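Novice: Below are the C-alpha cells for one structure; questions will follow.
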Amino acid sequence: MPEMCPRCGLPKEICVCEILDREATKRIKIYKAKAKFSKFVTIVEGLSGDELDKTTVMLKSRLACGGTHKKGLIELQGDHIAAAKKELVNLGFPEGNIDAAT
C-alpha cells in the first residue's frame, strides 16, 4: 500500500499539497545587504517552515554558494539576486509573487 499524504489523503506520488503551498505563498522579497568586511549577502524572505529548509538547500546547491537560514530569512553569500529569482521560478514559485530589488 502506498504512503498517503496526511493533509490531502492522496498517495505521496500524486500529492499536490506542496504545489498548492507555493502558489498560496505571500510575497517573496529578494534583496542584497552588506555584511562584514564589505561583502554582500543576498536575502530571500517570505518563506516559512519546511519550505524554508528545502529551498535553502536547493538555492545553495544551484547557485554554488554558501548560506544559511535563520529567523525566517535565507542568507546566501554573494550578490545572487537575478540568479536566485530564476531558481525560485524553476522550483515552482510563481514569478508574479517574487519581488527582486536590483
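Every number in this text was worked out from the coordinates using simple rules, so none of it is lab data. Here the structure is a predicted model, which is why all the values come from computation and not from measurement. Every residue, glycine as well, gets a Cβ built from its backbone with ideal geometry; the counts of neighbours run over all protein chains shown.
Novice: If you place +1 on the Cβ of every Lys and Arg and -1 on the Cβ of every Asp and Glu, how big does the dipole about the Cα centre of segment 26-100 come out, in debye to the nearest 20?
Specialist: Computed about the Cα centre, the dipole is about 300 debye.
Novice: Rank Glu13, Glu45, Glu87 by mean-square fluctuation in a GNM of the chain with C-alpha springs under 10 angstrom and give only the top-ranked residue.
Specialist: Glu13
Novice: So, one more: Kirkwood-based Rg over Rh for segment 26-100 (C-alpha set), two decimals?
Specialist: Dividing the radius of gyration by the Kirkwood radius yields 0.93.
Novice: Of Cys17, Met4, Leu63, which is farthest towards the positive pole of the chain's charge dipole, taken about the Cα centre with +1 and -1 on the beta-carbons of Lys, Arg and Asp, Glu respectively?
Specialist: Positive-most Cα among the choices belongs to Leu63.
Novice: Let me ask you something else. Let me have the 222 nm mean residue ellipticity of the chain computed from DSSP H runs of 4+ only, each contributing -39500 (n - 2.57), with the sum over all residues rounded to the nearest 500.
Specialist: Result for the chain: -9500 deg cm²/dmol, rounded to the nearest 500.
Novice: Another question about this same structure. With the contact rule set at Cα under 8 Å and sequence spacing of 6 or more, what percent relative contact order holds for segment 26-100?
Specialist: Result for segment 26-100 is 37 percent.
Novice: Under 5 Å between amide H atoms, partner at least 5 residues away or on a different chain: which partners does Phe40 have, H built in plane at 1.01 Å?
Specialist: Under 5 Å from the amide H of Phe40: Ala35, Gly78.
Novice: Using the Karplus curve 6.51 cos²θ - 1.76 cosθ + 1.60 with θ = phi - 60°, work out ³J(HN,Hα) for each residue of segment 55-72 in order, rounded to whole Hz, and write x for Gly and Pro.
Specialist: Whole-Hz 3J(HN,Hα) from phi for segment 55-72: 5, 4, 4, 5, 5, 4, 5, 6, 9, 6, 9, x, x, 7, 10, 7, 6, x.
Novice: Next question, about the same structure. Ordered by residue, what ³J(HN,Hα) values in Hz, to whole numbers, does segment 88-99 give under the Karplus form 6.51 cos²θ - 1.76 cosθ + 1.60, where θ = phi - 60° and Gly and Pro are x?
Specialist: 5, 5, 5, 7, x, 7, x, 5, x, 8, 10, 9
Novice: How much of the calculated P(r) for segment 7-52 lies past 14 Å, in percent of all Cα pairs?
Specialist: 64 percent
Novice: Could you pull out every residue, at least 5 positions away or on a different chain, whose amide H is within less than 5 Å of the one on Ile98? Hs are placed 1.01 Å off N in the peptide plane, and Pro or chain starts have none.
Specialist: Residues meeting the criterion, in which the H sits 1.01 Å from N, are Ile28.
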